[in-house]
Each structure stands twice: as structure tokens, then as C-alpha cells.
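Have a look at the structure below before the remarks.
The values are calculated or read from the model by the stated rules, or taken from the named source; none is laboratory data. If you're wondering where the values come from, they're calculated on a predicted model, not measured in any experiment. In this analysis, Cβ positions are derived from the backbone assuming ideal geometry, glycine residues included, and neighbour counts consider all displayed protein chains.
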Number of protein chains: 4
Amino acid sequence: MKTSRLEAFSDGVIAIIITIMVLSLRKPAGTELESLRPVLPELLTYVLSFVYLGIYWNNHHHMLLVTRSVNGAILWANLHLLFWLSLIPFVTGWLAESHGAPWPIALYGAVLLAAAISYTVLQAQIIRHHGSDSPLAAAVGRDFKGKLSMAMYAAAIALAFGFGWISEGIYVAVALLWVIPDRRIEAVLRDVSGT
Amino acid sequence: MKTSRLEAFSDGVIAIIITIMVLSLRKPAGTELESLRPVLPELLTYVLSFVYLGIYWNNHHHMLLVTRSVNGAILWANLHLLFWLSLIPFVTGWLAESHGAPWPIALYGAVLLAAAISYTVLQAQIIRHHGSDSPLAAAVGRDFKGKLSMAMYAAAIALAFGFGWISEGIYVAVALLWVIPDRRIEAVLRDVSGT
Amino acid sequence: MKTSRLEAFSDGVIAIIITIMVLSLRKPAGTELESLRPVLPELLTYVLSFVYLGIYWNNHHHMLLVTRSVNGAILWANLHLLFWLSLIPFVTGWLAESHGAPWPIALYGAVLLAAAISYTVLQAQIIRHHGSDSPLAAAVGRDFKGKLSMAMYAAAIALAFGFGWISEGIYVAVALLWVIPDRRIEAVLRDVSGT
Amino acid sequence: MKTSRLEAFSDGVIAIIITIMVLSLRKPAGTELESLRPVLPELLTYVLSFVYLGIYWNNHHHMLLVTRSVNGAILWANLHLLFWLSLIPFVTGWLAESHGAPWPIALYGAVLLAAAISYTVLQAQIIRHHGSDSPLAAAVGRDFKGKLSMAMYAAAIALAFGFGWISEGIYVAVALLWVIPDRRIEAVLRDVSGT
């Protein structure tokens with residue numbers, strides 16, 4: 001089976017998820033600058049989720065570049081990832097309106113953790129299909145960054161009950177870990193993880 | 001006519017249907033764990049409909065892999081299938097809010113049945129266009145699984161009036177029939193149906 | 001310029017328009033069969049608009065099959081068509097809730113008429129770009145069916161004030177004119193229009 | 001890395017943004033012609049935003065036609081542009097309901113300005129990747145039109161506080177600057193900017 005239609009379908013779903021999130025931004029109640037203030041935390045949560053979905057699209061793009069063919073297990077692992085990503089607008093909306101309440105913060109982290117796990121499963125399925133000496137297996141290595149992210153999500157979920165702002169800081173930190181480190185941090189991580 | 005644009009359009013429509021369903025999930029009323037409880041049946045119905053749409057995308061993908069060209073009848077049969085799939089978010093939303101009332105359960109099954117019938121019609125049109133000795137005709141065979149699914153939907157519609165939980169169990173069972181059986185069950189079905 | 005990205009973008013927009021219309025279907029107020037009754041006229045209007053968008057996608061598909069390249073004027077003529085198509089969910093929603101009031105019926109026809117005109121403009125731009133001896137020019141001919149449709153829309157708009165049901169019948173008739181006549185009517189029209 | 005998936009993803013996102021805006025158009029409250037009147041300013045704002053998104057798609061299309069490959073920086077610069085475009089439905093909705101209040105007019109301009117800046121950044125990243133002697137660098141030149149647009153947005157933001165109608169006129173003027181000038185104005189600008 002060819003990867004092009006899997007790519008196209010995933011692109012479509014991620015493009016829609018990233019875009020419909022903006023529909024959940026409530027229109028300001030008035031026309032003054034102050035009426036934007038209650039929208040601001042929603043907007044910041046929206047930015048964070050936009051960045052996360054951008055990271056997933058980016059990494060998914062790179063992963064499929066070294067994927068030559070797909071099988072049934074990969075198709076379902078991909079749909080499983082898309083399922084968790086599709087819940088991001090839902091938890092983003094809840095988090096945005098909750099002013100630091102613990103459960104919305106924890107659930108946001110839980111969906112991010114589930115998405116990260118399902119991405120790892122998809123990655124493992126592709127590597128199994130292509131062999132452990134494939135370019136993807138070499139590129140992934142011991143996947144230090146992926147494992148670190150999952151540990152950070154788990155910590156953020158636990159910290160949500162009492163230290164919600166730390167949890168939110170962790171969500172920002174993980175996002176930065178994947179966006180920024182195109183040069184230095186990535187080189188460091190490469191040394192650490194032995195890829 | 002080439003199949004690529006039919007594929008792309010169908011991918012687009014299915015990707016949107018699968019994604020906008022999440023928009024119908026109501027935001028929890030509060031910020032406590034308990035406020036998630038009324039959302040839970042909606043979420044489970046959403047998961048079920050997500051899986052069904054994933055199955056349709058998957059099967060559609062496989063069917064078009066062995067379709068070399070399309071004609072006007074195939075284009076319209078495909079739009080007919082997409083129409084019924086587009087109603088899934090509507091019946092999912094009704095079912096999710098109805099706490100076991102018979103009509104929403106029956107209508108959910110009726111839309112699944114109509115989608116299954118329109119899929120069979122599309123399949124038949126493609127086989128007619130490619131000839132009964134085409135790879136698709138061989139792969140479909142007597143289409144035991146398709147016919148079994150339609151019979152199960154019909155049973156679930158009838159059982160909705162009095163035995164709603166059995167109907168819902170049947171919807172889950174048909175979905176599993178198409179997701180799980182990549183190895184054993186599929187082999188059994190292959191023996192039974194003689195494909 | 002290549003036509004592939006114009007195709008992909010148009011497919012995306014039409015796929016979204018055809019799909020988000022279902023979002024405007026209100027969930028039934030209760031769980032009884034009767035609670036579906038007020039949704040029924042909405043559903044029928046939805047079906048009609050779905051068929052119209054299917055026809056446009058279908059015809060657009062065929063037109064681009066014989067389009068080798070595009071220029072700036074074609075890109076904008078295409079966006080102009082997509083603009084009017086994007087208003088179909090809006091007028092569909094108004095028509096569906098209006099129980100035969102004249103203005104919603106007339107506006108529905110006005111948007112269909114504007115879409116038909118913009119389609120004709122797009123067609124003319126493509127023919128101008130490819131020359132009057134191009135396959136598209138030959139296929140379009142005197143465009144009897146297109147002109148007949150526009151005349152019927154205009155009549156339906158006028159009849160909306162007093163004879164709303166006739167207008168709605170005309171909208172159904174024009175749709176059938178484009179869906180059904182794959183064999184006989186098309187041959188007749190071909191004789192009449194001299195293509 | 002190939003540009004095709006970047007194109008497809010961007011097309012998807014822009015197609016969705018341009019289409020879901022229509023969801024924010026409120027259904028008229030009654031069935032009379034008068035009930036359309038409050039919808040009219042919303043409709044005009046919708047048309048303006050539709051044209052802006054059409055311009056961005058158009059220019060993005062042309063830019064990627066002369067882009068042979070992409071790197072990580074280009075992927076993120078592209079996502080940055082899509083982020084600002086995704087806010088257009090939000091500010092369009094606020095502007096449409098605000099009957100000339102200054103902050104919604106200013107915010108609309110601010111998002112257009114941010115989108116223009118992010119487009120310039122994307123353009124610069126692509127030029128840096130392809131070299132200053134690339135066809136894109138030659139086509140962009142000193143980018144007089146881009147700089148003029150940004151200056152006009154800045155002026156419109158300032159003028160929103162007291163001269164809101166001038167600001168709105170500027171938004172229309174910038175759109176026309178990019179839509180109309182396929183022949184004469186473009187030639188003039190070409191002379192002025194030395195491209």
C-alpha cells in the first residue's frame with residue numbers, strides 16, 4: 001500500500017483540528033478592549049494547542065518521509081493517533097474556561113500523554129514493518145525526547161492537583177523542547193540518547 | 001477519468017466528518033471530575049462513530065487501490081455513500097444525549113444500514129465498470145461480511161424498541177468485526193464465504 | 001501554472017461546505033419519533049443542497065479534466081464560484097427554518113443563480129485561455145443546459161412571492177436535470193443544443 | 001524535503017478557514033427581507049475576509065511554485081502564517097457585530113498586519129534557503145507592495161480610534177491592491193519598486 005493517501009488523510013484531519021479550534025474561541029461580549037480580557041486565556045491555550053498540533057504534523061510529516069509503504073496495523077495506529085489529536089480542541093476548550101482548576105489541567109495532560117503514546121505505537125508499527133535497520137529506526141534511536149516528553153506529561157498530570165501553574169509550565173516546556181531545539185538542544189539530546 | 005480526485009474528495013469529506021463530530025461534544029458544565037460524567041456517554045458514542053468512519057475510510061482506501069478508472073455512475077454512488085456518512089455526526093449527537101431511548105438507537109442503526117447499502121452499491125458499480133473478473137470482484141467474493149453487517153444492523157433497529165442495550169452491543173460488535181479480524185476471524189470468514 | 005493545486009483547493013472547499021451543512025441541522029428536541037418531524041424539512045433542504053454541491057463538484061471535476069493550465073483570471077473566477085457556493089449552507093439554513101416564506105425561497109434561488117453565473121464565467125475564462133477550438137469549448141457548445149438552469153432559477157425567484165412550492169419544485173427539477181440525464185435527456189439536450 | 005505536503009496542508013487549512021467563516025454568519029431572526037438587514041454588515045465583512053484569504057492562497061500558491069524544497073524553518077514559518085490566518089474568522093466575527101467600534105476595527109488590522117509580517121518572514125526563509133539569485137528573490141524584489149500594505153495596515157490601526165470608516169476603507173483598498181492590479185497598477189508598481 002502506498003503512503004500518499006495516508007498522508008493526505010492525516011493532513012486533512014490535522015488541518016481541520018487545528019482550524020476548528022478557533023471556532024471554540026468565544027466572541028468578546030462587548031466592543032471595548034476590556035471585553036478581550038476574558039478571551040485572552042482562551043487565546044493563549046489556543047496558541048499552545050496550535051503549536052502542539054503543528055509539532056505533530058511536522059513530526060508526522062518527517063516520519064512518513066522515510067516510510068515506503070503501510071499495512072493495516074499502521075493505518076489503524078495512525079487513526080488511533082488522530083483520535084487523540086481530535087480530542088485536543090475539546091480539552092483545550094475546557095482548560096481555557098477553567099481558570100486553573102485541577103481536573104481540566106490534568107485532562108489536557110492526559111490527552112497529550114495519550115497522543116504521545118499513540119504516536120510511539122505508530123512509530124513502532126512503522127519500524128516493525130520496515131525493519132530495525134531502516135532509516136526511521138536509526139533516526140528514532142532510543143527516542144529519548146519522546147520518553148522525556150511522556151514523563152513530563154505524567155508529572156504535569158500529578159502536579160495539576162495543587163500546582164496547576166507548574167503543570168501548565170511543563171506543557172509549554174515540552175512544546176518548546178520540540179519547536180526550538182533545531183540546533184543546539186537537538187545536538188545535546190542526540191549525544192545523550194546516542195542516536 | 002482518473003480516481004485520484006475521487007480519492008482526494010472522499011478523503012476530505014470523511015476527514016471533516018470524523019473531525020467535526022468532536023464539535024458536538026458539549027463542554028463540561030463545571031471544572032470538577034463529576035462534570036465530565038454527563039459527557040462520558042457522548043464520548044463513548046463519539047469513539048464508536050470515529051471507529052465506524054475509520055473503517056469506512058480504510059475499506060474505501062482499499063477498494064480504490066484496485067480501481068483503475070471511474071465513470072459518472074461511480075461518482076454519484078460515491079457521493080451517495082458520503083451523504084449517509086455525513087449524517088453520522090447528526091445521529092451520533094442524538095444518540096449521545098438520549099440515554100437509551102429507542103428512536104435515537106434505531107435511527108443510528110438506520111443510518112449505518114443506509115451507509116452499508118450505499119457502500120455495497122458503490123462496490124457493485126465499480127465491479128460492473130471493471131468486469132466480474134477484476135481483482136476487486138475476486139476480493140469481494142460473496143461479501144459475507146458485508147451481508148452479515150447489514151443483517152446485524154437490521155436486527156439492532158428492531159431490537160432498539162425494548163432491548164436498546166442489545167442494539168448498542170450489536171453496533172459495537174459490527175465495528176469489532178471490521179477492526180479486529182485482521183488475522184483469525186478474517187481467515188474464518190474467508191473459509192465460510194469462500195473468497 | 002498547473003491545475004492540480006486549484007483542483008485540490010476547490011475539492012477542499014467544496015468538501016468542507018458539503019460537510020459543515022450537517023452542523024446546521026438542529027438536534028431533535030426530544031427522543032420520540034415526533035421530535036424528528038420539525039427536523040424533516042431541514043433534512044430535505046440539506047439533501048437538496050448536498051445534491052447541488054455534488055453536481056458542482058462533479059461538473060468542476062469534468063471541466064478541470066480538460067483544463068491543461070490556469071492563469072490569474074481563472075484562479076479568481078474559481079474563488080468567485082467558491083464564494084457563492086460557500087453561501088449555500090447559510091441560505092439552506094434560512095430556507096429550512098422558514099416554512100415556505102417567500103424571501104428565504106427567493107434568496108436560495110438567488111445564490112444558486114449567482115453560483116451558476118460564476119460557473120459560467122469560470123468556464124468562459126478557461127475557454128478563453130485554451131482557445132475556442134479546445135475540447136472544453138467543444139464539450140460546452142452553446143451551453144443550453146446551463147442557460148436553461150439560469151432561466152429556471154430566475155423564474156423560481158419571481159415565483160417565490162406567492163407560489164413558493166412551485167419555486168421549490170423548480171430547484172428540485174434543475175437538480176434532477178443535472179443528476180439524472182446521463183443517458184436519454186442528455187442525448188436530447190445534445191441534439192437541441194447542437195453540441 | 002518536498003514541498004507537496006506543505007502545499008496540501010496549507011491548502012487544507014486555508015480552505016477550512018475560508019469556509020468555516022460562513023458558520024459565524026447568524027441566521028436571520030425572521031423570514032422577512034428586513035431580517036436580512038442586520039446580517040448585511042456581517043456579510044460584507046465576510047466578503048472582505050474571503051477576498052483576503054483568497055489573496056493569501058493565491059500568493060502562497062505562486063510562491064510555492066518557485067520553491068523547490070523546504071526545511072524545518074520554512075515549515076514553522078508557514079505554520080506561523082497559518083496561525084495568524086486562522087484568527088481571521090475570530091476578528092471578522094467581532095468586527096461584523098461591532099457597528100464601527102474602534103477596538104474591533106483595530107484588532108482586525110492587527111491580525112492582517114501580523115499575517116503580512118509572517119508572510120514576509122516565510123518569504124525571507126524561502127529566499128534564504130534557495131539563495132538570493134533564485135527566481136523567487138527576483139520576483140519579490142524590494143517587495144514594495146508588501147511594505148506598502150503593512151504601512152497601510154499600521155495607519156488603519158491608528159485611524160481606527162476616531163476615523164473607523166477610513167480604516168475600513170484602507171482594508172478594502174489593500175485588498176483591491178492585490179486583486180485588481182493584474183495589468184496596469186502592477187506595471188506601475190513594478191516601475192516604482194524596480195522589480
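Could you check the stretch B:63-80 and list, in sequence order, the residues that are at the interface with another protein chain (Cβ under 7 Å from one of its Cβ atoms) and under 16 Å from the mean Cα position of the chain (by Cα)? Hit for the stretch B:63-80 is B:Leu79, nothing else. Only residues that are surrounded by fewer than 15 Cβ atoms within 10 Å (Cβ to Cβ) and assigned to a loop (DSSP other than H, G, I, E, B) were counted across the stretch B:117-152, and they come to 5. Can you tell me which of (1) surrounded by fewer than 16 Cβ atoms within 10 Å (Cβ to Cβ); (2) outside any helix (DSSP H, G or I) is the one C:Ala155 doesn't meet? All conditions are met except number (2).
Residues that are of a type outside the set (A, V, I, L, M) and under 18 Å from C:Asp11 (Cα atoms) do occur in the stretch B:11-18, at least one of them. Among the residues of the stretch B:139-169, those that are β-branched (Val, Ile, Thr) and in contact (Cβ under 8 Å) with a residue 40 or more places away in the chain comprise B:Val140, B:Ile157. Return yes when A:Val47 is within 9 Å of chain D (Cβ to nearest Cβ) and without any contact (Cβ under 8 Å) to a residue 12 or more places away in the chain and no when it is not. Answer is yes for this residue.
Scanning the stretch C:16-34 for residues that are at the interface with chain B (Cβ under 8 Å from one of its Cβ atoms) and more than 21 Å from B:Ile17 (Cβ to Cβ) gives C:Thr31, C:Glu32, C:Leu33. Selection of helices (runs of 4 or more DSSP H) fully inside the stretch A:1-114 by the criterion of at least 1 residues being under 21 Å from A:His130 (Cβ atoms) and at pLDDT below 85 returns A:4-20, A:39-65, A:72-86.
Would you confirm whether any residue within the stretch C:35-43 is polar (S, T, N, Q) and under 22 Å from D:Leu53 (Cα atoms)? No. Could we say that B:Val179 is at pLDDT 55 or above, surrounded by fewer than 19 Cβ atoms within 10 Å (Cβ to Cβ), within 14 Å of the chain's Cα centre (by Cα) and not polar (S, T, N, Q) here? The answer is yes for B:Val179. The numbered conditions (1) facing another protein chain (nearest Cβ under 8 Å); (2) buried (at least 23 other Cβ atoms within 10 Å of the Cβ); (3) under 15 Å from the mean Cα position of the chain (by Cα) are all true for A:Phe83 except (2). Across the stretch A:25-44, the number of residues qualifying as touching a Ser or Thr at 6+ places or on another chain (Cβ under 7 Å) and in contact (Cβ under 8 Å) with a residue 12 or more places away in the chain comes to 0. If I filter the stretch A:6-15 for residues that are under 17 Å from the mean Cα position of the chain (by Cα), facing another protein chain (nearest Cβ under 7 Å) and surrounded by fewer than 21 Cβ atoms within 10 Å (Cβ to Cβ), do I get at least one hit? No, the stretch A:6-15 contains no residue that is under 17 Å from the mean Cα position of the chain (by Cα), facing another protein chain (nearest Cβ under 7 Å) and surrounded by fewer than 21 Cβ atoms within 10 Å (Cβ to Cβ).
Among the residues of this structure, C:His99 does not count as one that is facing another protein chain (nearest Cβ under 9 Å) and touching a Leu at 6+ places or on another chain (Cβ under 8 Å). Taken as a whole, the structure places D:Ala106 among residues that are within 13 Å of chain A (Cβ to nearest Cβ) and small (Gly, Ala, Ser).
I'd like the residue in the stretch A:23-62 that is aliphatic (A, V, I, L, M) and over 17 Å from the mean Cα position of the chain (by Cα) and, out of all such residues, is surrounded by the most Cβ atoms within 10 Å (Cβ to Cβ). The residue in question is A:Leu25.
Within the stretch C:95-108, being touching a residue at least 24 places away in the same chain (Cβ under 8 Å) and buried (at least 20 other Cβ atoms within 10 Å of the Cβ) holds for C:Leu95, C:Ala96, C:Trp103, C:Ile105, C:Ala106, C:Tyr108. What's the number of the condition D:Thr92 fails, among (1) at negative phi; (2) surrounded by fewer than 19 Cβ atoms within 10 Å (Cβ to Cβ)? Only one criterion is unmet by D:Thr92, namely (2).
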